[in-house]
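Single-structure report; data block below.
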Amino acid sequence: MKKAKKIEGIKEIWPVVEIPVTIKIEDYTETATFLGINLNAFGENPEQNDLGNTPVLLLGSKALQNMKDSNNHSISKKQQEKFLQMGENLTISYALSENTKELSGAADYPVSLTGHEENEQQTVYLPCKVTAVTENEDIYIPLSQAQELCSEIGEPLKITKIYLKVNGKMNLEKAKKIFE
């Protein structure tokens, strides 16, 4: 944040929190990252009225390009386009990635007689709602929902990125050099 304040022509600075997830659409899954940000950074803040804790997504048009089906085949461009055209009607779900937690003890991870974890294949997917499709590869969620997800996985809310709005191309180029 200190580096960002030194940038000339800066209009806005928005903190971003990263939440590792697996997203699922029909038979396709992908390891991804939800970027928690105050959605006012984009000039719009979708209403959460009926959705409660269901994350609302600003889904990047390139966010689905690494999806694979259950046979490990990559998603086709045609299938990606079909999903993206569904927009708000797209049924998408997510599972929080547990890769940030270490195995803390046998009591937390019951092992069957075969030596495999009993909960190995029991990933629980929860619904999320696409509110808009953007022109990048990122998946944004409201910062308030990112806070809830962090508490669910027992991780502190850590700002890992910033989203900048900068006036002028020259100032943008200078900003890029500061962060390289």
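Data for the structure
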quantity: Cut-off 17 Å, label 7 Å out along Cα→Cβ of L157, residues of region 130-144 by amide N; calculated: 140-144
quantity: FRET E, pair K68, N40, Förster distance 35 Å, beta-carbon r, rounded to 0.05; calculated: 0.50
quantity: Rg in Å to one decimal, and Dmax rounded to a whole Å, for region 123-180 via C-alpha atoms; calculated: 15.9, 47
quantity: Net charge of neighbours whose Cβ lies under 9 Å from the Cβ of D69, counting Lys and Arg as +1 and Asp and Glu as -1; calculated: -1
quantity: FRET efficiency estimate (nearest 0.05) - Cβ-Cβ, M170 to T54, R0 35 angstrom; calculated: 0.25
quantity: Links that overshoot a 18 Å alpha carbon limit, given the list K24/K82; K11/K176; K129/K161; K77/K129; calculated: K129/K161; K77/K129
quantity: Among 158-170, 70-82, 26-38, the order from most to least packed when residues are scored by Cβ within 10 Å on average; calculated: 26-38, 158-170, 70-82
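Values in this text are rule-based calculations from the coordinates and carry no lab data. The structure displayed is predicted, hence computed values, not measured ones. Note: ideal-geometry Cβ built from the backbone for every residue, glycine included; neighbour counts use all protein chains shown.
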